Amino acid sequence: MSGKGFTVKKDWDNPKEHAMPEGARVPAEVCIGSVRVAPATVLAPMAGVTDTVFRRFIRHASMFSSAGEPGSESIEAEVTNTQSGCGLLMTEFTSADGLSRMRESKRKRYLTFYDDEHPIGAQLFGSNAETLAEAARIVQDTGFDTVDLNLGCPAKRVVGCNGGSGLLRDLPKIGEIFRTVRKAVSIPFTVKFRLGWNDSQIVCVELARMAESEGLNAVALHARTREQGYTGQARWEWIAAVKQAVGIPVVGNGDIRTPEDAAAMVAQTGCDAVMVGRAAPSNPWIFRQIAQYTATGAYDRPTVEDRYRMIRAYFQMLLEGAEASQSQPRDARMGETAGKMKQFASWFTHGVPGGAKLRASIYQAKTGAAVLEQVDAFFTAQMTSGADEAGDACADLPDGALVCD
Ligand SMILES: Cc1cc2nc3c(=O)[nH]c(=O)nc-3n(C[C@H](O)[C@H](O)[C@H](O)COP(=O)(O)O)c2cc1C
C-alpha cells in the first residue's frame with residue numbers, strides 16, 4: 001500500500017553489531033494455537049513487498065544458492081520450511097473494510113496464495129469490530145492458517161480512520177475488536193503492535209495481557225512507538241517486558257539484520273520467535289542463514305552468481321504473473337510490475353559492489369523488460385570482473401515507495 005505522511009526507511013539508524021550470544025538460539029519451533037511454526041521465524045508483513053511472488057521467493061531462497069541442489073533453482077521445486085528457514089509467512093496488510101465490501105473476484109487479488117506458502121497468516125487493519133470480524137471470516141474461509149490484526153501502521157491515512165497504530169490510544173476499543181474477532185473465527189488469531197502512541201503512552205504490556213485474556217494465540221511487537229516511526233533503535237527491553245507479562249507466544253520484531261541479531265534478540269528478551277522485515281528484501285537468504293547459524297554457528301553468504309539467479313528468476317516471475325493476470329488493464333499491470341522491480345532492485349542491490357550505479361540506471365528504466373536488461377548487463381559485468389561481496393559504499397537513491405507498518 002502506498003500513501004503520504006510516513007517514510008519507511010529501508011536502512012537502519014546506526015545499527016548495533018551483535019556478536020553471537022553464548023548458548024542462545026532461535027527456537028526450533030513455536031506453536032501459535034494449532035499452527036506449528038518451525039523454525040520459529042516469521043516474515044514480517046510488508047505492504048508493497050510481501051505479495052505472493054515475494055513470499056514464495058522467501059520460501060525458496062535456499063534454492064538460489066550455491067549450497068542448493070544443482071538445477072533446483074525454481075520456486076516450483078519442493079522445499080520444506082526447515083530448508084527455507086522461514087516458519088511463517090505473512091501477507092501485506094489488507095483493509096477489512098475493503099475486503100468485506102469487495103466482490104469475490106477482486107478479493108482473490110488481495111488474498112491470493114499458493115499451497116507451498118503454508119503456514120501463512122493474513123493481516124487485516126481497520127477499526128470497526130464487526131467489519132474486522134467479517135473480514136477475518138473471509139480470511140479463514142480462504143484457507144489462511146492464521147489471521148492477524150495490525151495495530152502498528154503509522155501512516156496518516158490509516159491512523160486518520162483510527163486503524164493501525166491509531167487504535168493504540170483506545171484500549172477499550174481494542175478489547176471490543178479482540179472479543180468480536182475471536183468469536184468469529186476458529187483459526188489462530190494474533191496481533192502485531194507497537195509500544196504505544198508515544199513515550200508517554202506506552203501500552204504494549206497492558207495490550208499483550210488483554211490479548212491473552214481475550215483468547216488471542218500470540219502477539220508480535222515491533223519495539224518502537226508510533227511517534228518513532230522507523231527512527232532510532234528498536235527497544236528490545238519492551239519485548240522482554242511483554243514476554244514476562246504473558247504466557248502466549250511473543251514474537252519479537254525490530255532491527256534484525258543478521259543471524260547474530262536474531263540470536264541476540266532471543267538472548268536479550270526470551271521471545272519465542274523472531275520476525276524479520278526489511279532485511280528480507282535486501283537478503284532473501286536471511287531465514288536460511290538464521291537456521292544454519294542456529295544449527296552450526298556459521299552460515300553461507302550468497303555469491304554474486306546466487307544474487308543474479310535470484311533476482312532474475314524473481315523478475316521473470318513478476319513479469320509472467322503480470323502478463324497472465326486479468327486483475328487490471330494491461331498497461332496498469334505492467335506499470336505496477338515495473339515499479340515493483342525497481343523497488344526490489346533497490347533493496348536487493350545493497351551490499352553489492354557498484355549497486356548504486358545499477359540503481360541509478362534502473363531508476364531511469366520505463367518498463368519491466370528494460371529493468372531486467374539493466375540487471376542482466378550489471379551482473380554479467382560483475383561476474384566477468386570477479387567482483388566480491390565487498391559492499392557498496394555509494395549513496396542510495398531516494399525511496400520510491402511508501403510504506404506502512
Ligand atoms: C516496506 C514496508 C512495509 C510494511 N508494511 C507493513 C504492514 O503491512 N503491516 C505491518 O504490520 N507492518 C508493516 N511494516 C513493518 C514491518 O512489518 C516491521 O514491523 C518493521 O519493518 C520493523 O522490522 P524490521 O526492523 O525487521 O524491518 C512494513 C515495513 C516496511 C519496511
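The values are calculated or read from the model by the stated rules, or taken from the named source; none is laboratory data. Model, not experiment: these values are computed from the prediction. Quick reminder, even Gly has a Cβ in these numbers, built from the backbone with ideal geometry, and neighbours come from all protein chains shown.
Below, the figures for the structure above:
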{"item": "Positions within the stretch 87-124 being of a type in the set (S, T, Y), within 12 Å of the ligand (Cβ to nearest atom) and touching a helix residue (DSSP H, G or I) at 6+ places or on another chain (Cβ under 6 Å), in sequence order", "result": "T94"}
{"item": "Qualifying positions in the stretch 273-312 - in a loop (DSSP other than H, G, I, E, B), away from the ligand (no atom under 16 Å from the Cβ) and more than 16 Å from V375 (Cα to Cα)", "result": "G297, A298, Y299, D300, R301, P302"}
{"item": "So T384, is it polar (S, T, N, Q) and either touching a strand residue (DSSP E or B) at 6+ places or on another chain (Cβ under 8 Å) or touching a residue at least 24 places away in the same chain (Cβ under 8 Å) (or both)", "result": "no"}
{"item": "G175 being surrounded by fewer than 22 Cβ atoms within 10 Å (Cβ to Cβ), away from the ligand (no atom under 15 Å from the Cβ) and modelled with pLDDT under 95", "result": "no"}
{"item": "Neighbours by Cβ (under 9 Å, 6+ apart or cross-chain): first from the stretch 209-238, surrounded by 23 or more Cβ atoms within 10 Å (Cβ to Cβ); second part of a strand (DSSP E or B) and among the aromatic types (F, W, Y)", "result": "A211/F189; A211/F193; L216/F189; A218/F189; V219/F193; A220/F193; L221/F193; H222/F193"}
{"item": "Top-ranked residue in the stretch 38-59 [being touching a residue at least 60 places away in the same chain (Cβ under 8 Å) and away from the ligand (no atom under 16 Å from the Cβ); ranked as farthest from F113 (Cα to Cα)]", "result": "P39"}
{"item": "Considering residues of the stretch 22-52 that are out of contact with any Asp or Glu (no Cβ under 8 Å at 6 or more places or on another chain) and crowded, with 20+ Cβ neighbours inside 10 Å only, the residue modelled with the lowest pLDDT", "result": "V26"}
{"item": "Every residue from the stretch 225-260 that is among the hydrophobic types (A, V, I, L, M, F, W, C), touching a helix residue (DSSP H, G or I) at 6+ places or on another chain (Cβ under 8 Å) and within 13 Å of the ligand (Cβ to nearest atom)", "result": "W236, I239, I256"}
{"item": "Selected residue (criterion: farthest from the chain's Cα centre (by Cα)) from residues of the stretch 202-259 that are acidic (D, E) and in a loop (DSSP other than H, G, I, E, B)", "result": "E214"}
{"item": "Single residue of the stretch 298-323 satisfying the filter (more than 30 Å from A24 (Cα to Cα) and among the small types (G, A, S)) that is modelled with the highest pLDDT", "result": "A313"}
{"item": "A360 vs. criteria under 30 Å from S213 (Cα atoms) and assigned to a helix (DSSP H, G or I)", "result": "no"}
{"item": "Candidates V181, V203, filtered to the one that is at pLDDT 95 or above, surrounded by fewer than 24 Cβ atoms within 10 Å (Cβ to Cβ), away from the ligand (no atom under 13 Å from the Cβ) and not charged (D, E, K, R)", "result": "V203"}
{"item": "All positions within the stretch 103-147 that are touching a Pro at 6+ places or on another chain (Cβ under 6 Å) and among the charged types (D, E, K, R)", "result": "D145"}
{"item": "Selection count where residues are farther than 23 Å from S34 by Cα and part of a loop (DSSP other than H, G, I, E, B), scope the stretch 103-139", "result": "4"}
